[in-house]
Amino acid sequence: MAVERTLSIIKPDAVAKNVIGKIISRFEDNGLKIAAARMQLLSQNEAEGFYAVHRERPFFNDLVKFMISGPVVIMVLEGEGAILKNRTLMGATDPKKAEKGTIRADFAESIDANAVHGSDAPDTAATEIAYFFPALAVYSR
Ligand code: IDP
Ligand code: MG
């Protein structure tokens with residue numbers, strides 16, 4: 001399997017719960033490296049742009065409101081099969097359906113406040129990394 005990069009966000013609910021370290025440990029303990037990281041309060045524009053693919057969905061406004069409700073930790077994870085590995089570590093979107101031992105099963109309350117974001121495919125990973133870390137290719141190689 002190839003070394004990949006994927007975008008991860010620790011969402012405001014998990015930051016507020018003080019579990020940034022626990023979540024990052026899940027990644028590190030499973031062979032993913034933190035290639036870039038930044039803690040930030042997203043602006044409404046940044047959150048809307050990031051979730052533009054969902055703009056027609058009924059939950060879009062609530063999702064944006066939630067994502068700007070407090071600081072987030074935005075990271076690039078790197079490793080063998082990083083995109084799928086991260087999705088597996090995260091668990092299902094709805095924490096009630098997430099497999100035991102996953103980040104969402106352990107740290108999330110609801111489908112709205114579900115602790116983490118992770119890119120779902122190589123093309124979205126590339127777009128999302130470029131969105132938040134446009135200079136990554138320059139400073140990390
Ligand atoms: P994902 O985060 O597991 O990739 P997506 O379907 O891409 O899930 O949805 C993006 C985010 O939008 C989810 O993480 C969740 O916070 C929110 N979301 C998705 N579906 C619903 C819903 O039915 N109600 C409320 N929020 C939702
Ligand atoms: Mg998604």
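Each value in this text was obtained by applying a stated rule to the coordinates, not by laboratory testing. It should be emphasised that the depicted structure is a prediction, and the values quoted were computed from it without experimental measurement. Here the Cβ is made from the backbone with ideal geometry for all residues, glycine too, and neighbour counts use every protein chain on show.
When PHE27 is tested against (1) farther than 19 Å from THR127 by Cβ; (2) without any contact (Cβ under 8 Å) to a residue 40 or more places away in the chain, just one condition goes unmet, and that condition is (2).
Taking segment 27-47 as the range and being charged (D, E, K, R) and under 22 Å from PHE133 (Cα atoms) as the test, the residues that pass are GLU28, LYS33, ARG38, GLU46. Restricting attention to segment 1-11, the residues that are surrounded by 15 or more Cβ atoms within 10 Å (Cβ to Cβ) and out of contact with any His (no Cβ under 6 Å at 6 or more places or on another chain) total 7.
On the stretch given as segment 35-48, residues that are touching a helix residue (DSSP H, G or I) at 6+ places or on another chain (Cβ under 7 Å) and surrounded by fewer than 16 Cβ atoms within 10 Å (Cβ to Cβ) total 1.
Residues in segment 54-84 that are over 13 Å from ALA35 (Cβ atoms) and more than 16 Å from ligand 2 (Cβ to nearest atom): ASN61, LYS65, ILE68, SER69, GLY70, PRO71, VAL73, GLU80, GLY81. In this structure, does ALA37 turn out to be touching a strand residue (DSSP E or B) at 6+ places or on another chain (Cβ under 9 Å) and within 15 Å of ligand 1 (Cβ to nearest atom)? Answer is no for this residue.
Restricting segment 51-109 to residues that are near ligand 1 (Cβ under 8 Å from one of its atoms) and in a loop (DSSP other than H, G, I, E, B), which is surrounded by the fewest Cβ atoms within 10 Å (Cβ to Cβ)? Applying the filter and picking the extreme gives PRO58. In segment 12-30, the residue that is surrounded by the most Cβ atoms within 10 Å (Cβ to Cβ) out of those that are of a type outside the set (D, E, K, R) and in contact with a Leu (Cβ under 8 Å, 6 or more places away or on another chain) is PHE27.
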